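Read-outs: derived from the displayed coordinates by stated rules, not from any lab. Source: prediction; values computed, not measured. Here Cβ is always computed from backbone atoms with ideal geometry, including for glycine, and neighbour counts include all displayed protein chains.
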Amino acid sequence: MEVMDNVSREGKSTFNDAGVTMPGNSVGFSLSQIGLETSRQFGEVVGALGLEPRHFAVLHAVHRDTGRAQQTIGDLLAIPASTMVAIVDHLEHEGLLERRAHVTDRRTRILHVTPRGEALLSKAMAEAMVQEARICKGLGQNDRAQLLELLRRISVNLGVSPSALPDRGGGERPQRI
């Protein structure tokens, strides 16, 4: 596969401007449009279960990395500490997550998904997989793997952490386009 550096020595794009000026020919525009709609639909999917996407992300991260500190999970998802506290407060109030004291550090709280949280996360994961199948309809396994690799490269180009929440846990939900 040929790798192109699309910037000249003078720092100018070497893309043919005529082809990029149409929104459908712009990678950035296409990613933005698809990202907003995918996010909106995912919000509906988990919303039907009483979750927000940020709640799902925190539950999933704690489930995957059980026994990790609240701050560690927040850092992993790029959620500011004050926002993370509010999210964990909500999940704890709903009986989906619990904070436990760290064995050796009284200031640190370790997060654990409750059995109720595990059951809800399992349902949400099943629904998320249905959405993933809908998104990838018509793509073979190799196509999907290639698409993910290309998106990872773009993420690196933009300095986007693969685990960061797009809204940094703020809970902003896109509207229908």
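What the Cβ-Cβ distance of M125 and N25 gives, at R0 = 25 Å and to the nearest 0.05, is a FRET efficiency of 0.10.
Over segment 29-158, what is the relative contact order in whole percent, taking alpha-carbon pairs under 8 Å and six or more residues apart? Relative contact order, segment 29-158: 24 percent. Given Cα pairs under 8 Å that are at least 6 residues apart, what percent is the relative contact order of segment 46-117? Normalised by residue count, the contact order of segment 46-117 is 32 percent.
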